[in-house]
Amino acid sequence: MGVIYDGAFRGVHRDALARLGLLVINRQHGSVKPRAYELVRFGRCRHDLWCDQGRIAERVLLDDGTSTLIPVPVNRLEHRQGRTKSRWYHLLLIPCRHGVHPYRVQVGITTTPDDRIGTDPDTGRRLKSDTERDFHRAEYLQQIPESTLTHQQLYPYRSDSESVHNQLDQSMWNNRMISYGLERQKVFLLGFAIAQNATSRRVFLERAGVQESADARRQSA
């Protein structure tokens, strides 16, 4: 399950939902600019990785002395469920003349000192968390980047959610919440969601019944 929203969702919102194991599909905020991520080395080669448009891109030098950012292919999105929170990763395939390099990058969640970070394999020292490095990972790296085909296929469902939000507003007197307190409001929203699901299920069953009847008539003919 997940949430589809527009660019108003920022990293702090995506972080909270991703920790709960939810997918967040939204547009990257226009104020987020490219940022250097890491310089990785694989034997004889090295790759300058940046954060750009919600994903990892490689900075490549051009013949005229300038550079450009080329998105690194994402092979798959990995979800790892822990005892108290989830973790999300992009399994990248970094193109290289020496052969493709698989590389895993955590996305969607900005790590804190309270999270399990790990240690440097070379020195054995504890690695710094994102907050200690002043890097808002959830702001720069999305679970499903906007430029991917998956995002383009799923984001149009936002119009459906907007219509449901409008139905919720219209169901309340004067478009205002009719209950006080967080717990009462949660019960009201839960009841509205159950009613919407029940209506959708009835419509689905009715349409399925019509289709089954039409198939039976064609078979008998």
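Annotations
- Test: residue in the range 149-164 that is open to solvent by less than 60 Å² (accessible area, probe 1.4 Å) and either touching a Leu at 6+ places or on another chain (Cβ under 7 Å) or in a loop (DSSP other than H, G, I, E, B) (or both): no
- Hits in the range 135-187 - residues which are of a type in the set (Ser, Thr, Tyr) and either over 30 Å from TRP88 (Cα atoms) or without any contact (Cβ under 8 Å) to a residue 24 or more places away in the chain (or both): THR150, SER159, SER163, SER171, SER179, TYR180
- Of all residues in the range 1-54, those satisfying the criterion of being in contact (Cβ under 8 Å) with a residue 24 or more places away in the chain and of a type in the set (Gly, Ala, Ser) are GLY11, ALA18, GLY21, GLY43, GLY54.
- Residue match in the range 195-216 (condition: at pLDDT 85 or above, in a helix (DSSP H, G or I), open to solvent by 100 Å² or more (accessible area, probe 1.4 Å) and within 18 Å of HIS165 (Cβ to Cβ)): yes
Matching residues to (1) exposed (fewer than 10 other Cβ atoms within 10 Å of the Cβ); (2) in a strand (DSSP E or B); (3) not aromatic (Phe, Trp, Tyr):
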{"position": "ARG83", "(1), (2), (3)": "yes, no, yes"}
{"position": "ARG87", "(1), (2), (3)": "no, yes, yes"}
{"position": "GLY99", "(1), (2), (3)": "no, no, yes"}
{"position": "TYR103", "(1), (2), (3)": "no, yes, no"}
{"position": "PRO121", "(1), (2), (3)": "yes, no, yes"}
{"position": "GLY124", "(1), (2), (3)": "yes, no, yes"}
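- Listing of strands (runs of 3 or more DSSP E) fully contained in the range 1-76 that carry 2 or more residues being open to solvent by less than 50 Å² (accessible area, probe 1.4 Å) and within 24 Å of THR150 (Cβ to Cβ): 2-5, 23-26, 45-52, 55-61
The values are calculated or read from the model by the stated rules, or taken from the named source; none is laboratory data. On a predicted model such as this, the values are computed, not experimentally measured, just so you know. Note: ideal-geometry Cβ built from the backbone for every residue, glycine included; neighbour counts use all protein chains shown. These accessible areas exclude ligands, DNA and RNA; they are computed on the full protein's heavy atoms, side chains included. Shrake-Rupley method; radii C 1.70, N 1.55, O 1.52, S 1.80 Å.
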